1. Among (1) surrounded by fewer than 18 Cβ atoms within 10 Å (Cβ to Cβ); (2) closer than 22 Å to residue 71 by Cβ; (3) touching a Gly at 6+ places or on another chain (Cβ under 7 Å), where does residue 43 come up short?
2. Which of the numbered conditions does residue 17 fail, given that it passes all the others? Conditions: (1) touching a residue at least 40 places away in the same chain (Cβ under 8 Å); (2) charged (D, E, K, R); (3) closer than 16 Å to residue 107 by Cα.
3. Of the conditions (1) at pLDDT below 95; (2) loosely packed, with under 15 Cβ neighbours inside 10 Å, residue 70 fails just one. Which one is it?
4. Take region 1-19 and flag every residue that is surrounded by 15 or more Cβ atoms within 10 Å (Cβ to Cβ) and of a type outside the set (Val, Ile, Thr).
5. Which of the residues that make up region 95-127 are without any contact (Cβ under 8 Å) to a residue 60 or more places away in the chain and of a type in the set (A, V, I, L, M)?
6. Just to be sure, is residue 31 touching an Asp or Glu at 6+ places or on another chain (Cβ under 9 Å), surrounded by fewer than 12 Cβ atoms within 10 Å (Cβ to Cβ) and within 25 Å of residue 5 (Cβ to Cβ)?
7. Between 39, 48, 57, which is free of Cβ contacts under 8 Å to residues at least 24 places away in the same chain and closer than 18 Å to residue 19 by Cβ?
8. Can you pull out every residue in region 67-94 that is touching a residue at least 24 places away in the same chain (Cβ under 8 Å) and among the basic types (Lys, Arg)?
Amino acid sequence: MRVVTEKIKLKPTIEPKMLDITKDVQGVLDGTGMKSGQALIFVPGSTAGVTTIEYEAGLQTDFREAMDRVFPRGIYHHDEKWGDGNGFSHIRASMLKSSLTVPFDNGDLLLGTWQQIVFCEFDNKKRNRELVVQFTGE
């Protein structure tokens with residue numbers, strides 16, 4: 001069994017932003033030469049998350065609008081304490097989560113036909129992001 005840890009750098013992002021990172025993760029996996037195991041994708045930070053979705057324009061809009069309805073802006077104690085107005089970012093990220101595990105076999109991520117791995121930026125300030133991708137397997 002091997003463990004390989006790599007990083008994926010993303011261009012500076014500001015919410016609302018959803019990025020398809022499937023090809024990036026697959027590219028890093030290809031570079032490891034590993035054939036079977038699990039990929040862990042982790043977002044360091046408390047105002048962004050990672051999940052899977054069908055990455056198409058309608059669902060991107062639906063996702064953003066759903067987040068606005070469920071976790072609206074301007075109602076958080078965090079905003080009062082720090083004055084940065086990003087309490088909603090922290091809540092959205094915590095509900096989405098900061099990591100995702102995807103199995104792989106024969107060197108390919110085992111995703112559904114319409115399933116992509118996406119990074120979701122929730123912060124209202126531009127952030128440089130570096131994702132940690134760790135592969136465990138052989």
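1. (1)
2. Residue 17 satisfies all of (1) touching a residue at least 40 places away in the same chain (Cβ under 8 Å); (2) charged (D, E, K, R); (3) closer than 16 Å to residue 107 by Cα except (3).
3. Answer for residue 70: the failing condition is (1).
4. Those that are surrounded by 15 or more Cβ atoms within 10 Å (Cβ to Cβ) and of a type outside the set (Val, Ile, Thr): 6, 10, 15, 16, 17, 18, 19.
5. If the condition is that a residue be without any contact (Cβ under 8 Å) to a residue 60 or more places away in the chain and of a type in the set (A, V, I, L, M), then 95, 96, 110 are the ones that fit.
6. Criteria met by residue 31.
7. Values: 39 fails: free of Cβ contacts under 8 Å to residues at least 24 places away in the same chain; 48 fails: free of Cβ contacts under 8 Å to residues at least 24 places away in the same chain.
It is 57.
8. Scanning region 67-94 gives a single hit, 92.
The values are calculated or read from the model by the stated rules, or taken from the named source; none is laboratory data. What you are looking at is a predicted structure, and each value in this text was computed from that prediction instead of being measured. Methodologically, a virtual Cβ is constructed for each residue, glycine included, from the backbone with ideal geometry; neighbour enumeration extends over all protein chains shown.
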